[in-house]
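The values are calculated or read from the model by the stated rules, or taken from the named source; none is laboratory data. No experiment lies behind these values; they were computed from the predicted model shown. For accessibility, only protein heavy atoms count, side chains too; no ligands or nucleic acids. Shrake-Rupley method; radii C 1.70, N 1.55, O 1.52, S 1.80 Å.
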Amino acid sequence: MSGGIYMIDDISPIVFDLGSYSFRAGYGGQEAPYFDVPSNVGVREVIERTIDETIDGGKPQKEYFIDTNMITVPRQDTEIVSFLNNGMIEDWDIFEQMWDYIITRCLGCDTKEHPMLFSEPPWNQRDKREKIMELAFEKYNMPASYLMKNAVLTLFSGGRSSGLVLDSGATHTSAIPIHDGYVLTPNVVTQPIGGDTIVEQCKSALEKQNIEIVPNYKIAHKHEVQENQKPKWTKKNNLPEVCQSFEDFSVKKVVEDFAHSTLQLCDTPIDPDFMDKLPAASYAFPCGLKKDILSERAKIPEGLFDLKYLRGENVKQQFQMNVTDIAAHACGMCENEIRTQMYSNVYVAGGNSLIMGFPERLNHELAVRCPASVKLRVSWAAPPVERRFGAWIGGSIVSTQPSFYQYWVTKADYDETGKSIVEKRCA
């Protein structure tokens, strides 16, 4: 450390990217995160018995089950929960358990030797930012840390510092205008429409066709059957009585795979000719059922761009904007000079954007909406891994740049100013 600048030399920073679907972690300078841990956690309350038998009862303790191999195992009295709300940390006890797991069990590193770059949503609240900084320095004793907006990191991964990031993730879709590496916070637009919306629509469509969605944990054996024949499978013996949240989570995993394997968006608004020409997508459910998916594979994701295709009660009250509205509204709130720059640098990211045809459809819809004098350019990373992990990859690039050394908040800075330094130093 010299002159307030933290020099990392040969020590790789740890990059954390927290999302509603998963928590990504790895070392700066790598092409992709080493670990991608689900943001859902299994929680079970247990009673800690006292040694003194004269004392009734015991102290309730919580047992946590983290990562894919643990949360997919059926257990009695175990709820599947998320510690996030609107992309922000809500349950700090569960988050600390998750962070401990990733540092000790996954990375297996000594945090005293590695600085940390942590991504955050553009709307993250001050108290939550301060808490992350406090944990980094006081619990994990990191030598330096920095919080950076995930949308800025995503844009950096695409080689840009200005533009509009259209991030469609699991729980919400957001349009974030960025100018010279800084988020234009008042112009950010976000709506609770995303991957979870599509999963619910898929589930509704399958139930309408009387297709039983059997999660993997129930199946002991299955037999091969012809297409559309009733599946033949054997249920596992001695399964524990699971909580409804575990059952819902297990079913959701099946539906997510169905959506990923079958859905496709049309480049233009949906029409009967496209429906007739769209080839069927065959899908095999875990229970052995084989089904050809026809027009539904295009109608379901169409709801992202045309809300009238969304099924269910109170859908219109829940969603006020489609994906195109979100992007156009964010651009429209920018000043004239910046607005042109935003339309010319729309960058698509997020796991939900991996639906086939998503970026192309957004390009078509925005071309209709943007002013004729504006040159529209919608771009995206071709490899799915780069689109899904864009924020982490951006963090991996930024954290190892010598020009970034001056931005690190060091332990000495924290000791001198306290946790409030995050508001002064981490824009």
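A few comments on the model shown:
- Each Cα pair under 8 Å and six or more residues apart adds its separation to the average, and for segment 351-411 the resulting relative contact order is 30 percent.
- GNM result for the chain, Cα springs below 10 Å: residue of 179, 221, 329 fluctuating most strongly: 221
- Diffusion constant of segment 321-427 at 37 °C, which comes from Stokes-Einstein with the Kirkwood Cα-pair radius and 0.692 mPa s, µm²/s: 197
- Prolate/oblate/rounded call for segment 145-301, Cα gyration tensor, a/c under 1.5 rounded: oblate
- Most mobile of 211, 102, 80 in a GNM of the chain (Cα contacts under 10 Å): 211
- Checked against a 19 Å cut-off, the cross-linked pairs 112/149; 62/128; 128/149; 62/236; 128/419 give Cα-Cα distances beyond that limit for 112/149; 62/128; 62/236.
- Rounded accessible area per residue of segment 89-183, 1.4 Å, Å²: 33
- Segment 316-427, accessible area per residue, ligands and nucleic acids excluded (1.4 Å, Å²): 47
- Cα gyration tensor shape for the chain, rounded if a/c is under 1.5, else prolate or oblate: oblate
- Coarse-grained scattering of segment 387-426 at q = 0.29 Å⁻¹, given as base-10 log I(q)/I(0) from a Debye sum over alpha-carbon atoms: -0.92
- Choice from 412, 381, 170 with maximal GNM fluctuation in the chain (Cα, 10 Å cutoff): 412
- Cα shape, segment 277-331, gyration tensor, a/c 1.5 rule: prolate
- Set of aspartates and glutamates with alpha-carbon distance to residue 424 below 17 Å, sequence-local pairs under 8 removed: 120, 127, 130, 134, 413, 415, 416
- For the chain, averaging the sequence separation of C-alpha pairs within contact (under 8 Å, six or more residues apart) and dividing by the residue count gives a relative contact order of 21 percent.
- Segment 45-204, relative contact order [Cα under 8 Å, separation at least 6], %: 13
- Mean Kyte hydropathy of -1.0 or more with a Cα span along the axis of at least 15 Å, helices from DSSP in the chain: 195-208, 244-262, 358-369
- Where only DSSP H runs of four or more residues are counted, the chain gives -9000 deg cm²/dmol as its mean residue ellipticity at 222 nm, each run worth -39500 (n - 2.57).
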